[in-house]
1. Cβ-Cβ under 8 Å, sequence separation 6+ or interchain: first residue in the stretch 36-62 and on the phi > 0 side of the Ramachandran plot, partner buried (at least 20 other Cβ atoms within 10 Å of the Cβ) and of a type in the set (S, T, Y). Which pairs?
2. Taking the residues in the stretch 645-662 that are among the polar types (S, T, N, Q) and under 54 Å from the mean Cα position of the chain (by Cα) as candidates, determine which candidate is farthest from F597 (Cα to Cα).
3. Considering only residues that are surrounded by fewer than 19 Cβ atoms within 10 Å (Cβ to Cβ) and within 60 Å of the chain's Cα centre (by Cα), look in the stretch 678-719 and name the one that is farthest from Q531 (Cα to Cα).
4. Could you pull out the residue among A634, A645, A630, A656 that is aliphatic (A, V, I, L, M) and at pLDDT 90 or above?
5. Take the conditions more than 21 Å from K463 (Cα to Cα), crowded, with 21+ Cβ neighbours inside 10 Å and either of a type in the set (S, T, N, Q) or within 26 Å of the chain's Cα centre (by Cα) (or both) and apply them to S754. Does it pass?
6. Out of L141, L89, L158, I need the residue that is modelled with pLDDT of 90 or more and under 44 Å from the mean Cα position of the chain (by Cα). Which one?
7. When residues of the stretch 140-165 are filtered for being crowded, with 17+ Cβ neighbours inside 10 Å and in a helix (DSSP H, G or I), how many remain?
Amino acid sequence: MALASMSSGEKGYDDDIFEIEDFTIVTINEGLCAELEQLLRKWELIGDNGNNYTFTKVALAECQWDSKYDKVTYGNNHLFVTHYWPKNLQRSEQTTKLDVLNADASDSFLSNAARLFWSSETDFCPGSIICNQFGVLEFILLTPSDWHLDKVSNEDQLRGLLSSITESTGKAGCALPIFVQYGERERQLYFGICQNNSMRTNFESVHQRRGHPLRCHLSGCLDIFRETLDKPCYALPQKNMVIEEELVPAKNEGIIDISHLPFGAATDAIEEFGLSAIWSNIERGVAVEEQNLSNLDPQRALAWSAWVSIQKNASYLMSSCLRKLLEAAESQEGSSLVRKREHSKQDASRALSSLLSPTVPENISIRSTNRVTSRNDLEPDIIRHWVDKVFEKTKCEHVLPGCNTSCTVDVESVCSGGASSPGPGSAVKNVQCSKAYHTESIKEDSNTMDIYQKLSNILSACKSAPESSLTCRISVALAQMLCAPNHSLAGFSHLWSAITYELQEYYEKNLYVPGLDESLAPNLSTCKLHQNLQLLQCAIEAKKRRESKNLFMQNWQLYKSEGDEFFDAPESLEESGEGISRQKPDSSGAEGRLKTFSTLRLFHFPDRLMYEPVTQSRVPITEDMLERHAEYLASLKNPEERVKAQLEPLFSDMEAFKAANPGCCFEDFVRWHSPRDFIVDDENTGKGHLSSRMTGEDNTWQLTWNQAQPKPACRQKMLFDDVKAANKIISDFENLTVSKLIVYILPVLFKCASAQLVDESKPYFALTGDKLVNLCKKVSNCTRSNDLDDYLDAVKDIIQIEGVVACCNALYTQLVSAIDKRLTENEKCEIRQFVMLLVRSDEQNCQSAANGGKAGAGYRVPIVRGLCGPVGLALKNLFFGSSIKNPSNRTEKRTLEQILTGDEDMPYRRRQYIMRCGARRPTLGSRTLPQRLYAAISKEEYRICLTLSSDTVLS
């Protein structure tokens, strides 16, 4: 304090003047404490009147949040203080105990928030991150006013804030939890405090990119909980935990689709989508546009035009898949053998049982025993699910887990919540599956139908496999497995081995292979893989017929031993299905008759009718078998040996004919088997002579006839050995190299890809019609030549067409989804025409740039009806404010990477754990208080949130 006196010469100013300087300092913590206390009193949050709600999990899932906020200052930081509470939940008049586990007899000292810690209804609350992490419903949150300048970014600030909050709530008597958001907004990292006169709860969090491997599971989280409470496991009165796993939908193999190849752009192929507003013929002074002023409103322009720019190096799924197959076929890894399936314990037990219990000798197993294991093999359930998809099985035991699963430990339960509403701290991240693009029903004009029919006719000439056959499903599944980044060649080999094993199962169990025609000989106009599958189907049918015939012969022997009279059995076991006529008195030794052959009679016995015999079916043969047989014939130097190598079917027919027609001669056989080689001399008597082809001393037919003995087809050696054929097919399949297998499936895949492109391009034939015709012709030639260079040339055309169709689909979907109302077919057609003009304008821009056209003068598509038509309305919503209430409802195509990509080390999207228990803190003499831990572990983050309560009275 200083004293100053005025000059005595001055009149009236002889009073003393005192100047006071106050050196008292108010810290930033005290300032914040005062502001918070004043704010809490202003909002009337005195006492413990919050968090007293009656609710269920269903009601909480539909919770709507209300809030009010104010602003406080902490040093140089400006913070928002926001009070959140659920407005659609009913408050209870008096506090009730909620699922208290092992609490003291009287819990009156607990705050309302602490009572909620016991409740499982708040577990995994979808509306609020804070509610999910800490289990409270009503709270106060401090967030930065400006995230760049005011965020709390160091621990000293955080500790100071929590200290001020503790002091202000103690002075105001507020028992609401108060949180501080720390660090960047995206981290959603919160710390807080909640206290009353008897207890204090601290809310703490840990957020890392990755956690320690020992802490990334349930036991690790339990160890963290125990160590934090500083109690041994037996000292925790009772632990209560809830676990939820969120699997990545892309990892769920239950949604794989092997009916089609992946299609569309891997990333957004649209580089730029622009709209030009045009004003023309405007009088001077009407339009004003200066640096800071303009009256030109684009929505009020006189004309509009649009353009699109497509990325030139965009990646597309179908073409990338086919290109990867070709690269694998030419790679060094392609020369390696496909790994065989492990010989399972089930196979071993089956083999042992067959030794202990002898079976019918004809039931020969063709199962291979030289199988090896691999550490890179996929999980059996995954491969089993793929195989079931290939063979169109639906077995409950092979259905993989769904997208979201939850499990509970002890007495807790987890229910799936409803749609999340805007809440404090934003909503908990939800797994949202984008809707796939569905092709709409399109009015097809005659021109479209003509183009479609022309393309279908070209593709029908491909040396491939029928559409939707088993061969197509196998090929597409193998392609998808090879192109999946997390499966690669290991999954490709494993899946093929599992398919081969499944084919063995069908043969051994006498079951027809699904997706193939029954009893249909291999069609040589199809690809080799399909022919082999057809041959296996024939082997299955032959095996069933053989075993049925053996059963009949056993029954016949039984009847014969009992002395019963026996007649020729009906040959329903053979192809014809008709019975053998009962033998005549004049031909008592006849066997294997099918029916009379016209009215012809035997050459040397005119009184006997000629009968057509039951013969063996012709041996089904594939292209590979023809090649091997041709090589075998070429290796024989003697012409007679080459002829004899082809006489087995003829020899079988001669024996069957002799058995059915006792007393017949060679002329009789020729009249039945080759009528043109018997020349009739007299029409009335039927007398005649053999042609020159059937005469001669060393005639092969006559020599064969002389060697043939009367023997019906049922007792002949089988021409078609089903066991040998099936064994050969399975053996060839198991010993394929990766390159050979890829070459096997390429004809099928390229035909499927072309057919899929045709279907996808139906609405845009005006753009892609000529290109599709050229592509289908190339693919038809590729399937016959099987040249990898030809396939690579076809892939280049597929890239162009797929890019055009994918961009058209993306633009069409974007425009249609921007309109709220339901569109008519004419309006959809108008939008589709506009989309095609946009894509064509981009092609013209590329050609103009390549030919040195005008720089910057790109092609534009005029919008004829302005912003009033469907196209204009969609563009208006897109460029000037969309009227779509929920943009996430826009459809987009699911990619193969989204269906199959997943981290092998962490195959789930996120795991959530909630643990709660009662513990005495800070000393053993304290009262039992609720403790809670929340953990969220995913590929992106590792988060631990602790709710720790301490007794402030008995401490």
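1. Note: pairs meeting the criteria are N51/S111.
2. Applying the filter and picking the extreme gives Q646.
3. The selected residue is K711.
4. A656
5. For S754, the condition - more than 21 Å from K463 (Cα to Cα), crowded, with 21+ Cβ neighbours inside 10 Å and either of a type in the set (S, T, N, Q) or within 26 Å of the chain's Cα centre (by Cα) (or both) - is not met.
6. L141
7. 6
A quick yes/no check of all residues on (1) modelled with pLDDT of 85 or more; (2) in contact with a Gly (Cβ under 8 Å, 6 or more places away or on another chain); (3) within 19 Å of M610 (Cα to Cα); (4) part of a helix (DSSP H, G or I):
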| residue | (1), (2), (3), (4) |
| --- | --- |
| R671 | yes, no, yes, yes |
| T685 | no, no, yes, no |
| W701 | yes, no, no, yes |
| T704 | yes, no, no, yes |
| P710 | yes, yes, yes, no |
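The values are calculated or read from the model by the stated rules, or taken from the named source; none is laboratory data. The model shown is predicted, which means the values in this text are computed figures rather than measured ones. Because the Cβ atoms are built from the backbone with ideal geometry, glycine has one as well, and the counts that use them run over all protein chains shown.
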